[in-house]
Amino acid sequence: MKGTVFHGPHDVRVERVDDPALKTPTDAIVRITRAGICGSDLHFYHGALPIVPGFVLGHEGVGVIEEVGAGVGGLKKGDRVVVSGVVACGRCYFCRRGQPSQCAESGSAVFGYGANSAGKLGWLGGEQSEAVRVPMADYTCFPLPDAIDDNAAVFLADILPTAFFGAVNGNIRPGDTVAIFGCGPVGLCAVMCAKLFGPAEVIAVDSIPYRLEAARKLGALAVNMEQAHRTILDRTEGRGADVTIEAVGVESALTAAIMAARGGGTVSVIGVFGAPSFNFPIGYAFARDLTFRIGLANINAHIPELARLMERGTLDPRPLVSHVMPLDEAAKGYEIFSARTDNVLKVLLKP
């Protein structure tokens, strides 16, 4: 089959790779019909996070079950599914508590990232490919209704649950002011998810005009980074935002999110940081009595609820899809997304 193979920074190629095969009774093989390029994939692409050359990338996928192991009970050949970016068992202490991102059985393995922290699952091939092996398939795959098409469903694999997780962690209440820092695909999904909780206003912050325009179309007050702090204070009688969400994984955005939160407010972090450490204004956060929440999203736990909202038409992320490209053009997709050219928002690959 074909897969998008990492060879080094700024060097990905679509090549022939081994077909996936069942390795355990709880595995399934999914034939991919749509895959996304995620902002966190750019950390590998830019060389900010290590990954083994020769590895297939991608953790956002939708497809059709092609084969299941003898231990898979809830799926069958021909089922159309979204594959969660994070593998989880659904049975361990953490999964039962709604925290599949901390799954004790999978070690929080992520497709396209290599081996999990515990080494239990070995190498996990990525989903920017024609097919993928899915461990613990009964909980890692979610059957899709016909009403959710592939271009919408692929958002359920990662970035929509991640954005929803950020809103939940922010503890948004009706009437709150929410400021979202970063208007890439995750940040724009965060705008949509924040609005579900009834805030008085959502302020979206970025430095790229076309991204700000996309946020404006979603109903946010779109503000350039340079004017963000002053605008947030002006809109809140000098207090600051009740909730700030950092959605890009950049130190300057995190610092701005912390400084923009009101006293006693909440800072929710969902951006993936490539840098191992940075300066954290802990003294300021302490003095302001801020609540700080961060972590890998509990994707599997949020997929069912978000799928229902999408099926009802309450959520529709498809306006964020700017490019649908053949899998063979994955390298071009990475180039466009990395360079932020051609008004790129979300790039999907179609095998």
(message) Every residue in the stretch 166-189 that is in a helix (DSSP H, G or I) and over 10 Å from the mean Cα position of the chain (by Cα), please.
(response) Gly166, Ala167, Val168, Asn169, Gly170, Leu188
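Just to be sure I understand, how many residues within the stretch 310-332 are of a type in the set (Gly, Ala, Ser) and farther than 22 Å from Pro161 by Cβ? Working first, answer last.
Of the stretch 310-332, the ones of a type in the set (Gly, Ala, Ser) are 313, 322, 330-331.
Those left that are additionally farther than 22 Å from Pro161 by Cβ: 330-331.
Qualifying residue count for the region: 2.
Given the condition among the hydroxyl-bearing types (Ser, Thr, Tyr), touching a helix residue (DSSP H, G or I) at 6+ places or on another chain (Cβ under 8 Å) and assigned by TED's automatic domain parsing to the domain that holds Asp176, answer yes or no: does some residue in the stretch 261-283 qualify?
Looking through the stretch 261-283, at least one residue is among the hydroxyl-bearing types (Ser, Thr, Tyr), touching a helix residue (DSSP H, G or I) at 6+ places or on another chain (Cβ under 8 Å) and assigned by TED's automatic domain parsing to the domain that holds Asp176.
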(message) Checking the structure you have, find out if any residue of the stretch 95-109 is within 14 Å of Arg31 (Cα to Cα) and out of contact with any Lys or Arg (no Cβ under 6 Å at 6 or more places or on another chain).
(response) no
(request) Look through the stretch 200-211, keep the residues that are farther than 19 Å from Ile270 by Cα, without any contact (Cβ under 8 Å) to a residue 60 or more places away in the chain and not charged (D, E, K, R), and return whichever of them is surrounded by the most Cβ atoms within 10 Å (Cβ to Cβ). (result) Ala200
(message) Please determine whether any residue of the stretch 304-316 is over 22 Å from the mean Cα position of the chain (by Cα) and among the hydrophobic types (A, V, I, L, M, F, W, C).
(response) no
(message) Restricting to the stretch 136-157, name every residue that is closer than 23 Å to Val72 by Cα and outside any helix (DSSP H, G or I).
(response) Met136, Cys141, Phe142, Pro143, Leu144, Pro145, Asp146
(message) Looking only at the stretch 17-49, count every residue that is part of a loop (DSSP other than H, G, I, E, B) and within 19 Å of the chain's Cα centre (by Cα) and tell me the total.
(response) 6
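Can you tell me which of Ala88, Ala104 is within 22 Å of the chain's Cα centre (by Cα) and either crowded, with 21+ Cβ neighbours inside 10 Å or among the aromatic types (Phe, Trp, Tyr) (or both)? Break it down into steps so the answer makes sense when it comes.
Numbers: Ala104 fails: either crowded, with 21+ Cβ neighbours inside 10 Å or among the aromatic types (Phe, Trp, Tyr) (or both).
Exactly one residue qualifies, and that residue is Ala88.
So in the stretch 123-135, with the set limited to residues that are of a type in the set (A, V, I, L, M, F, W, C) and part of a loop (DSSP other than H, G, I, E, B), which one is surrounded by the most Cβ atoms within 10 Å (Cβ to Cβ)?
Leu124
Residues checked against (1) surrounded by 14 or more Cβ atoms within 10 Å (Cβ to Cβ); (2) in contact (Cβ under 8 Å) with a residue 40 or more places away in the chain; (3) of a type in the set (Lys, Arg); (4) within 18 Å of Ile245 (Cβ to Cβ):
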{"site": "Gly271", "(1), (2), (3), (4)": "yes, yes, no, yes"}
{"site": "Gly283", "(1), (2), (3), (4)": "no, no, no, no"}
{"site": "Phe286", "(1), (2), (3), (4)": "no, no, no, no"}
{"site": "Asp289", "(1), (2), (3), (4)": "no, no, no, no"}
{"site": "Phe292", "(1), (2), (3), (4)": "yes, no, no, yes"}
{"site": "Ala297", "(1), (2), (3), (4)": "yes, yes, no, yes"}
{"site": "Ile303", "(1), (2), (3), (4)": "yes, yes, no, no"}
{"site": "Gly313", "(1), (2), (3), (4)": "no, no, no, no"}
{"site": "Ser322", "(1), (2), (3), (4)": "yes, no, no, no"}
(request) Can you tell me which residue within the stretch 336-351, out of those that are touching a Phe, Trp or Tyr at 6+ places or on another chain (Cβ under 9 Å) and part of a helix (DSSP H, G or I), is surrounded by the fewest Cβ atoms within 10 Å (Cβ to Cβ)? (result) Ser338
(request) Can you run down the residue pairs with Cβ atoms below 9 Å, 6 or more apart or on separate chains, where the first is in the stretch 31-56 and not assigned by TED's automatic domain parsing to the domain that holds Ala131 and buried (at least 22 other Cβ atoms within 10 Å of the Cβ) and the partner is part of a loop (DSSP other than H, G, I, E, B) and β-branched (Val, Ile, Thr)? (result) none
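The values are calculated or read from the model by the stated rules, or taken from the named source; none is laboratory data. Owing to the predicted nature of the structure, the values given are computational and were not obtained by experimental measurement. Positions of Cβ are generated from backbone atoms using ideal geometry, with glycine treated the same way; all protein chains shown enter the neighbour counts.
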